[in-house]
Each structure stands twice: as structure tokens, then as C-alpha cells.
Amino acid sequence: MKVARGRLLRNVAGTLGLLAAVAAVAVGLPAADRALPASRPVAAAPYLVGAGVTVIPPPGALLDVTATRPGADHGTALFLLGGVRFVVVVSPFSGDVEAAAGRLRTKITGVRGNELAGAESVTATATGLAGRQGGYAAPGRLGRYAVFRAAELAIEVTVAGTDPQLRATLAAVEASTRSIAFRGAAP
Amino acid sequence: MTDAAHPATHARAVDGRGARTAHVHPAPRAHSRTSLLLPAFWVVLALTVVGAVRLSGFVRTSFAELPVATAVAVGLFVCYAVPLWLFVAALDHLEREPALLRATAVAWGGLVATTISVPGVAALHNLIAKLVSPAFAATWGSALAGPTVEEVAKALGVIAIVLVARAQLNSVLDGVVYGALVGLGFQVVEDIAYALNAVALAGHGDSVRPVIATFLLRGLLAGLWSHTLFAALAGAGIGYLVVRTDRSMASRVGAAMLAFGGAWTCHFLRNAPLPSGGLGGGPWLFAGLVLKGVPPMVVVALLVRAARQREADYNTAEQAAPNDTRIATAAGLHAFGSGHLRVKGRRYPFARAGMRGRRAVRRLQRAQAGLAVDSSRGGSGFRWFGRAPRERSRLVAIGHPEAHAAKRRHRSGPLLAAALAGAAFAVLLAVWLAILAVCAPSL
């Protein structure tokens, strides 16, 4: 059984084309994505996270646009302060603040290596949104979390970085966390 | 024979229509060993193995973390795929595609297309956010990135089939079948992944409620106009590109691009945030889902109908070629050329002679199809030449010599169509209400 030379050559050409198209999708697009910077400067003014929730980013923070997704009933914003990641997540939630804190703790400890550290305490934003805050530890990193309730929403805040990075930025991050406000109607 | 008209007359009549639009290139008998000598075969095999390894890793992790939800998701969506697989495979009932190629198409969709789409869609989503804005990406990212990457990944599956077994894609209908099978594989794997993501997001442990919700929403409600349909449309274009060698390359490429554009647009409309709102969007969201899905479904249904008709015309002409009324009469050829007349042709003897009559007509139709396909491949048709007259003798013996539909005209068609459309709408509505009543609280 033989394959004619012409057919074989056409098949080789077609196969190379197929491989090129597969590579363009699976490798080329991610490469193009990596080639463009993901972070953008963001003004220290109220930034809409989503669902009517705003936050004033820490001065000098950069916004990671690939992990930031505002929405009508939910939203996520990721700010970078050097090596510190400051994440605000807004999502629909019908339970009380204790339940919201429980859900966030479950998320944190669901990540391999994460452990809660210290006691949880009561906190509030400047606009009076009640919440809870605490700390956690991950291999080589420390983290802090806070959770607030507003209308039918849960607002989750997590901050993570190495110990020196976190110490250097904690005051700015706490000020930013206190600036969280709910300015719109819940869905 | 009761019919005096010569079969060749009918054959010439259909030949005109077939020659104008059809172009069915006879497929040779499947020689899978020839494909082993082609580099495309080994590349497709390697990509499939890579995809299988990646998917098995995902399934293994899911089984370890969410054993019940994973088992239910895999079981539900695999069961869901079986009738769709049978339906798609039966579209080209006269000349079914080789099982190995059908399996290859599904494997490409489920293993390769999903594997390359995951990083591709994520990267394009990020690029949209970087080049436009995060808000734009949040609203339109899925509508733009999903079709752009996934439709390409699925269309590559049909091209892979062409490279591995070019001769088996011998009509536009074959392109539809292979495209639909690629889309089916993709849809099943994607739905399983969505179901397991929903379980993880719900945060209630190893719960099956999000799986059921995903199955109802993505499988039953929106699944009928999903990847299977889009890829079938793109496959039709590739089929045209490959088969219509009588047309200029520009028009063939144009037709293929048009079909791909249609698939992209259907996918875009499905992902577009119109109407907006979540499950709580109520009846408007339900109406939006139906409005988004029905037009592409109708377009593909018409396309399939036309392609089947062309292929039936071609095979009818092949069958008529022997000019032997023991094999086919003019009335029998007329019925043979149409799917619903073939069904009526079996129903009619059932009314007159019971199961015996129905079975005999079915066997005769099978012999006629076998003869047509065998003749088109340049075979002698020896096996079928003997069988068709034997089945005809059986029909003569039970007093029903013709394999045609009843001549009596009745007006039940529009009524039946309206009843079917109403029933389909009622089923969709019931699924929608089930989603709202049972699963919405967990979403």
C-alpha cells in the first residue's frame, strides 16, 4: 500500500497548516497576552468595583485589568502595590455578616497551604458598612481579610504579600478598605 | 410490476436537480490503513492523546474533590450525548460515515478543541481587557472571545478529518455530520466543566444541585442550539469547500467563510448579554434564549434538509441506473429520494399488511440504499442485486408490491407541525420552570 507523492506532499502541507493554527490558538494568543502589560495606573478616587460598590485605591496602586471585571450584580477589582495584591470581590449574598465571613474563611482555607491566623474582629467602613476582619498565613506570605455586607451583597477584601511588603503598605490598604462604599441599589 | 413508468425517467429528472446543486463524490470503501501512511493521522492522534491526558487530569482531580457531583455530571452529560450522537450519525442514513471517523470527530471536539480553547479564550479575554477596558471585557468578552477561539478550534476538527480521510467527506452533508460531531464532543466536555465549576462556586461541598441546574440550563434549555449546531454550520462550509471542485476556489472559500461567519454569529448572539439579567430575568430571559436559538436552528435544519435531498437525489439516480423494476420502480424511487416519504413508505404497508409488510419494505429500502452506495463506489453491487428482488418477491407475496407512500392526500402536515412546535415550546417552558423552582436558589 502506497500513497502517491503528490498526495503525501499536500497532506504534509495541510498538516503543517493544521499545527500552525492549533499553535496560534493555544500558544500564540497567550504569548500575545503576555507581551502586553496587564497593570494600569489608577487614580486615588472612587473606583467602581461592581454592583454599585466603590473603593478608593491606595495611592500609587496599579490596576490589574486581566483580573478586574465590573458587573451589574457582581464585580472584582485587583490592585497591585509593589508585591502586595489587594483584591475586592462583590457578589450577591443573602446571609448575614457572620455567614459572609464564614464563606470567605472557607474560600481562604480552601487554598492549599493557607491557614487562618489570629482572632477575627469587628470592623466597619467609613460609610458605616458593618464587617469582620482577620488574618491568614500562606507559605512565604501573610494575608489579611475583611468582609462587609451591603443590601443583598457581600464585599470581600483580601490582601496578601510578604511580611515586609505588607507592613509597608498596611496603612494605605486599611485606609482603602475603609473607603469602601455602596452607592447603588442592589440587584 | 404495477408501475409502467421507467425508473430511468425519474432518475434523469432528479439528476438535473442533483447536478445543479449537489455534488456528491462517491466515497471509496473505508481503508483505514491508508490513513496510517499520512502524517496528518499521526498528528491528530498525538493531539488527541495530549488532550486526553489533560482531560483525565481534570476529571481525576474532580473525582478526588467532588466524587458524587463529578459522577453525576459525567453520567448526565454522557447520557445526554448518546441520542444526539445517534441523531447526527443518522443524518446521512444512506451512507453513514465510518464509526472510527465519527469517533475521531467527537474526540477532537472533546479533547483537542477544549484543550486549545481554554488558554486561547482566557488570553483573548485578557487582550480585550487590556486593549479596551475591563468593563468592556466583562460585558462583551465572552461574546467575542468564545466564538473567535472556539469556532476556529472546532472547525480545525473538520479540517483534520479531511486531512486524515479526504475521500470520506464526499458531500456537504458529510461536512455537517462531522462538524456536528466535533461540536457535540466539545459541548459535552464544556458542560461537564461548567457543572463542576458551578459546584465549586456554590460552596456547599459535594452537592449535585448545581450539576442538575447546569444540566437543565446548558443541556436541555440552551443545549439544542449550542456547539453542535454552530459547528455543523461551519462543517457545511468546509464540506462545500472540499466537494464543489467544479466551482472557482474563490467562491468555495467564500462559501466556507460565510458558513464560518454564520457559526461565529450564532455563537456570538448566544453569548451576548442580550437580554441582560441572570436567572432572575424571568420570562424575558427565557424568551431571549428561545429567540437567540431558534433562528440558527431553523437555518441549519433547512441546510441539512437541502443537503440530504441532494444526496438522496444522487443515490436515487445510482439506484435507477440498472433499469430493473424488481429493484426500484418509479414510485419507489420517488419515495426513496425523500426521508419522510421513506418513512411513509414503511407506514403504508404496515397499515395494509402489518409488521410483515413493514419489515419487508424496510429490508427492500436497505437493499436499495446499499446498491446505490455500492454502485457509486464503482462496486458490482452483487450482494444487493440479489437481495432487492428477493425482498420485492416478499412484497408481491403479501399483496403490496410497491415501496411507496399512500397516495391519499391528507392535510395533517401543518397541524402536526404546529402540534410539534407547541410541544417543544411546552417542554422548554417546563425545563425553565424546573430551573427556577428547583435550582435557582443555589445559583
Those strands (runs of 3 or more DSSP E) completely within the range A:1-79 that have 2 or more residues that are surrounded by 18 or more Cβ atoms within 10 Å (Cβ to Cβ) and either at pLDDT 95 or above or more than 10 Å from chain B (Cβ to nearest Cβ) (or both) are A:47-50, A:53-55, A:62-64
Review point. Does residue B:157 fit the bill of being more than 11 Å from chain A (Cβ to nearest Cβ), small (Gly, Ala, Ser) and either buried (at least 24 other Cβ atoms within 10 Å of the Cβ) or not in a helix (DSSP H, G or I) (or both)?
Key: no
- Query: Within the range B:110-131, is there a residue that is more than 9 Å from chain A (Cβ to nearest Cβ), surrounded by 17 or more Cβ atoms within 10 Å (Cβ to Cβ), among the β-branched types (Val, Ile, Thr) and free of Cβ contacts under 8 Å to residues at least 40 places away in the same chain?
  - Reply: yes
For strands (runs of 3 or more DSSP E) lying entirely in the range A:119-187, having 1 or more residues that are in contact with a Phe, Trp or Tyr (Cβ under 6 Å, 6 or more places away or on another chain) and closer than 13 Å to residue A:86 by Cα picks out A:141-150, A:153-161
Note on the range A:125-137: residues among the small types (Gly, Ala, Ser), more than 19 Å from the chain's Cα centre (by Cα) and surrounded by 13 or more Cβ atoms within 10 Å (Cβ to Cβ) are A:130, A:131
In the range A:80-92, anything within 11 Å of another protein chain (Cβ to nearest Cβ) and either buried (at least 18 other Cβ atoms within 10 Å of the Cβ) or not in a strand (DSSP E or B) (or both) is listed as A:91
Margin query: Condition check: touching a Pro at 6+ places or on another chain (Cβ under 9 Å), within 20 Å of residue B:79 (Cβ to Cβ), in contact (Cβ under 8 Å) with a residue 24 or more places away in the chain and not small (Gly, Ala, Ser). Does residue B:199 satisfy that?
Written below: yes
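Quick grid of which residues meet (1) under 22 Å from residue B:291 (Cβ atoms); (2) in contact with a Ser or Thr (Cβ under 6 Å, 6 or more places away or on another chain); (3) not in a helix (DSSP H, G or I):
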| position | (1), (2), (3) |
| --- | --- |
| B:174 | no, no, no |
| B:180 | no, yes, no |
| B:192 | no, no, no |
| B:204 | no, no, yes |
| B:219 | yes, no, no |
| B:236 | no, no, no |
| B:240 | no, no, no |
When every residue in the range B:165-188 that is within 14 Å of chain A (Cβ to nearest Cβ) and crowded, with 24+ Cβ neighbours inside 10 Å is compared, the one nearest to the chain's Cα centre (by Cα) is B:182
Is it the case that residue B:106 is more than 8 Å from every other protein chain (Cβ to nearest Cβ), in a helix (DSSP H, G or I) and buried (at least 22 other Cβ atoms within 10 Å of the Cβ)?
yes
- [ ] State yes or no: is residue B:96 under 14 Å from the mean Cα position of the chain (by Cα) and modelled with pLDDT under 95?
- [x] yes
(1) touching a residue at least 24 places away in the same chain (Cβ under 8 Å); (2) acidic (Asp, Glu); (3) more than 22 Å from residue A:44 (Cβ to Cβ) all hold for residue A:163 apart from (1)
When residue B:134 is run through (1) buried (at least 24 other Cβ atoms within 10 Å of the Cβ); (2) touching a residue at least 40 places away in the same chain (Cβ under 8 Å); (3) within 9 Å of chain A (Cβ to nearest Cβ); (4) not aromatic (Phe, Trp, Tyr), the failure sits at (2)
Quiz item: residue B:145: free of Cβ contacts under 8 Å to residues at least 60 places away in the same chain, part of a helix (DSSP H, G or I) and facing another protein chain (nearest Cβ under 8 Å), yes or no?
Solution: no
task = Report whether or not residue A:100 is within 14 Å of another protein chain (Cβ to nearest Cβ), under 21 Å from residue A:178 (Cβ atoms) and at pLDDT below 95.
result = yes
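The values are calculated or read from the model by the stated rules, or taken from the named source; none is laboratory data. Predicted, not measured: the structure shown is a model, and the values here were computed from it. Quick reminder, even Gly has a Cβ in these numbers, built from the backbone with ideal geometry, and neighbours come from all protein chains shown.
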